[in-house]
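Let me begin by presenting the structure, written as structure tokens, before commenting on it.
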Amino acid sequence: MRHIFVMINENLSEAVAAAAELREWSAAHDVEISETLPAPCDPDLIVALGGDGTLLRAVHAACSLTPPVLSIKFGRLGFLSGAGASRLIEAVSAALDGSARIEEHAVLEGRALSGNDEIARLFAVNELVLRSATAHMLTTRLIINGHVFSEVSGDGLIIATATGSTAYALSVGGPVLSPGFDGLEVVPLAPHTLIRRAVVTAARDRLRIELPDPTRADAALLCDGQNIPTSAPVTAVEVKVAAERLRLVKLEAHNSYEVVARKFFGQSNE
């Protein structure tokens, strides 16, 4: 029996209704549906009924990039959606029988350190945020492939994937990256300087962010908007592009640049 893990935005009545429709269809097609993942479990498909935020929650809840992910748009933006609500069953069927197009996205992984001790593992589809946990400035030193690139004080840093370049990173002045780009971008948060620049790295680059000033080193970590608890103060973060990819089911083809133009600038080719 095939298995689908479903994440629902319970605040959207349309998403709740779609979940009921999917349950009815699955019962007639020998497909098991769950809204929680008992361990061990490796579903054949992850379905997110909501928006991009629901997709991120689903991927983090699944703790695996093995199954493809189908996002059905009910939210506001829906950059990662694979089909509209009216094509839910068609999209699920295509994903399960292998006829749907799969779009691969780079994700990031890393670890947080306190001295020489690893205190947290990090994973993000959109971005990792290292920011001040207080009202004080945070001083960060960016090291790329073992070489010091910059040191700046401000609210912190965003390390984003191409997928995340249209999320938090964009809102603080970062560039829009092609979805197929495999590197990362580093964008300072409210830097205390007259020069503000984002840095775009290659896929194989290794990043290390250190907190060299003990008086400006009270840092909080967030991955895709979720706070990452740590057992000790963070002194450094190491980040790289993960070997695995996020595999998104795309029933409806679209041009990513057209989506950005429409969502943010009101442009349309119609």
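Just the C-alpha atoms of region 143-224: what Rg/Rh do they give, with Rh taken as the Kirkwood radius? Before the final figure, lay out the partial values.
Values: Rg = 12.7 Å, Rh = 13.4 Å.
Reported Rg/Rh, Kirkwood definition of Rh: 0.95.
Summing Cβ point charges (Lys, Arg +1; Asp, Glu -1) relative to the Cα centre of region 9-117 gives a dipole of roughly 360 debye. Relative contact order, whole percent, for region 52-137 stands at 17, derived from Cα pairs under 8 Å and 6 or more residues apart. Positive end of the dipole of the chain (Cβ unit charges, origin at the Cα centre): among Leu49, Ala106, Leu142, the Cα lying farthest that way belongs to Leu142.
In the full protein context, the chain carries 48 Å² of accessible surface per residue, based on a 1.4 Å probe and ignoring ligands, DNA and RNA.
Would you work out the charge dipole size for region 196-242 about its Cα centre, treating the Cβ of every Lys and Arg as +1 and the Cβ of every Asp and Glu as -1, and quote it to the nearest 20 debye? Write out the running numbers ahead of the final one.
Numbers: 7 positive and 6 negative charges, 54 e Å.
With only Lys, Arg, Asp and Glu charged at Cβ, the dipole is about 260 debye.
Other residues within the sphere of radius under 11 Å centred on the Cβ of Val92, judged by their own Cβ, net out at -2 (K and R +1, D and E -1). Compactness of the chain, taken as the C-alpha radius of gyration over 2.2 N^0.38 Å, stands at 1.07. If you bin all the Cα-Cα distances of region 85-182 at 10 Å, starting from zero, the percentages per bin are 13, 30, 32, 13, 10, 1. Each part gets one Cα centre, and for region 21-53 versus region 171-217 those centres are 36 Å apart.
In region 1-151, the C-alpha radius of gyration followed by the widest Cα-Cα span (Dmax) gives 19.0, 59 angstrom. Taking the protein heavy atoms of region 7-109 in the context of the full set of protein chains, the accessible area attributed to carbon and sulfur is 49 percent at 1.4 Å. Of Cys223, Cys63, Cys41, the residue with the largest accessible area leads and the full order is Cys63, Cys41, Cys223 (1.4 Å probe). For the set Met7, Met137, the ranking by accessible area, highest first and with no ligand, DNA or RNA atoms included, is Met137, Met7 under a 1.4 Å probe.
Can you tell me the dipole magnitude for the chain around its Cα centre, using point charges on the Cβ only (Lys, Arg +1; Asp, Glu -1), in Debye to the nearest 20?
Working: 23 positive and 32 negative charges, 145 e Å.
Dipole of the chain, to the nearest 20 debye: 700 debye.
The amide H of Phe149, built 1.01 Å from its N in the peptide plane, has Leu142, Ile143, Ile144 as neighbours under 5 Å, considering only residues 5 or more places off or on other chains. Summarising the amide proton neighbourhood of Gly51: residues at separation of 5 or more, or on other chains, whose placed amide H is nearer than 5 Å comprise Phe74, Gly75.
Computed over the chain, relative contact order equals 20 percent, with contacts defined as Cα pairs under 8 Å that lie 6+ residues apart.
Taking the empirical scaling 2.2 N^0.38 Å for compact globular proteins as reference, region 80-122 has a Cα radius of gyration ratio of 2.01.
The values are calculated or read from the model by the stated rules, or taken from the named source; none is laboratory data. Here the structure is a predicted model, which is why all the values come from computation and not from measurement. Backbone-built Cβ (ideal geometry, glycine too); neighbour counts: all protein chains shown. We work out accessible area using only protein heavy atoms, side chains counted, and drop any ligands, DNA or RNA first. Shrake-Rupley method; radii C 1.70, N 1.55, O 1.52, S 1.80 Å.
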